[in-house]
Each structure stands twice: as structure tokens, then as C-alpha cells.
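The structure appears below as C-alpha cells.
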Amino acid sequence: MHRRLSGELPPLGGQEILDQLDDRESLRTCYERAGLSQTALANAAGTSQPTVATYESGRVTPNVSTLIRLLEACGCTLDVVPATDKPRWTRVEEKSLAIHGRIAARLLEDPDRTIKKARRNLARLRSADRGHSARWLDDWNDLLDRPTDEIVTAMLARTQHAIDLRQMTPFAGVITDAERIKALQSVKPSEAERAAQRT
């Protein structure tokens with residue numbers, strides 16, 4: 001089985017690749033066609049069955065190298081090629097992504113302290129939540145147990161799930177106000193904003 005995908009690089013996470021499979025085959029379909037169980041796939045790919053289950057459910061986004069290992073264990077090959085056009089996002093989403101890019105850099109610099117702060121923030125968010133955001137808070141709780149590179153991949157993904165996660169981010173206070181402003185300034189103004197600046 002051969003799949004050719006297109007997407008903007010970087011960042012391109014495993015969930016985007018799963019979302020773009022040409023005939024929308026799921027990971028489950030791939031391993032079932034190969035005659036594998038979830039456990040057998042996990043063993044063949046060098047990971048655990050619970051990890052495969054979280055990837056399959058979409059609650060955790062695999063990084064690209066992990067997804068490639070999973071697909072290869074099913075007998076699939078994967079080509080990832082850049083698309084000619086960038087996805088169209090709102091300015092709010094672009095700004096949120098820019099801020100989380102700075103947060104991701106801090107997370108990679110000092111993962112222990114950053115995750116510790118995120119867990120404290122998450123506990124406060126949970127105590128204030130009336131059930132409306134439980135799903136996203138649960139997802140963040142699961143994600144913070146993952147390896148740092150998987151947290152970064154999920155945090156910077158260009159999917160609706162990632163957009164929703166960023167709206168409920170537990171990383172408040174991880175970067176300084178100056179870093180936040182610099183991140184916001186890195187987002188290019190829209191045509192409407194440029195026109196307004198000229199008037």
C-alpha cells in the first residue's frame with residue numbers, strides 16, 4: 001500500500017497526515033488490512049498498545065517519525081510533499097500558533113519546569129471549569145504525560161483539534177510579556193490591516 005500526501009512543512013504532525021490519507025483510511029484500517037491487532041502493530045513499531053490506542057482515537061497526535069514507523073509496520077509507504085499553498089487561517093489562529101511556537105521553544109529548553117507550571121495551571125483550569133472544557137483539559141492532562149517532542153508536535157499542529165487545545169492552553173505565564181509581544185509581531189498583517197495602516 002502506497003500513500004502520497006501533501007501538506008505544509010513545517011509543521012506537519014502525524015494527525016494531519018492521518019487526516020490527509022488519500023482515501024481517508026484510518027490507522028485501524030491500515031493495520032487490520034495487514035492482519036495485525038493493535039498490540040501486534042505496537043510491538044512491530046516499537047511502541048505500546050495504549051500509545052497506539054491514543055493515536056487512533058485522535059486524542060494524542062503522533063510525531064511524523066512515529067507515524068511512519070506505524071504505517072511501515074502495516075506494509076505501507078509514505079511520501080510527504082509540500083503543498084503549493086499555505087492553509088488559510090484566521091489572524092487569531094496565526095497569533096495563537098506564533099505564541100505557542102515561543103512556548104514550544106521554552107518547553108524544549110526547560111521541559112521539567114515548563115511542564116510543572118503547565119500542570120499547576122491545568123489544575124486551576126480544572127477547578128474553575130464547569131464542564132464546558134473538560135474534553136480539552138483531559139486531552140492536555142494526557143498530553144503532558146507524553147514525551148516532550150510529542151507535546152510540541154501536538155501544540156504546533158495545524159488541525160482543528162490543535163486549535164481547540166491552544167484555546168485552552170495550560171502554558172499561561174511560561175513566556176514573558178516581551179516574548180509574547182515579539183511572537184505577535186512576527187505574524188504578518190492581513191491585507192485589510194495593511195490597507196488600514198496606509199490610510
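Residues in region 39-46 include none that are under 19 Å from the mean Cα position of the chain (by Cα) and modelled with pLDDT of 65 or more. Applying the selection to region 147-167, what residues are more than 12 Å from the chain's Cα centre (by Cα) and either more than 13 Å from Leu108 (Cα to Cα) or among the aliphatic types (A, V, I, L, M) (or both)? Matches in region 147-167: Gln167 only. Checked against the criterion of being surrounded by fewer than 18 Cβ atoms within 10 Å (Cβ to Cβ) and at pLDDT 85 or above, the candidates Gly35, Gly58 yield just one match: Gly35. Of the conditions (1) closer than 16 Å to Ser96 by Cβ; (2) at pLDDT 90 or above; (3) surrounded by 16 or more Cβ atoms within 10 Å (Cβ to Cβ), Glu179 clears all except one; give me its number. All conditions are met except number (3). If you go through region 136-176 and keep only what is at pLDDT 95 or above and over 16 Å from Lys117 (Cα atoms), you end up with nothing.
Do the conditions hold for Ile99, that is, is it surrounded by 15 or more Cβ atoms within 10 Å (Cβ to Cβ) and in a helix (DSSP H, G or I)? Judged against the criteria, Ile99 is a match. Scanning region 74-87 for residues that are surrounded by 19 or more Cβ atoms within 10 Å (Cβ to Cβ), at pLDDT 80 or above and in a helix (DSSP H, G or I) turns up nothing. Taken as a whole, the structure places Leu71 among residues that are modelled with pLDDT under 85, among the hydrophobic types (A, V, I, L, M, F, W, C) and out of contact with any Ser or Thr (no Cβ under 6 Å at 6 or more places or on another chain).
The values are calculated or read from the model by the stated rules, or taken from the named source; none is laboratory data. Since we're looking at a predicted model, the values are computed, not measured. Note that each Cβ is placed from the backbone with ideal geometry, even for glycine, and that neighbours are counted across all protein chains shown.
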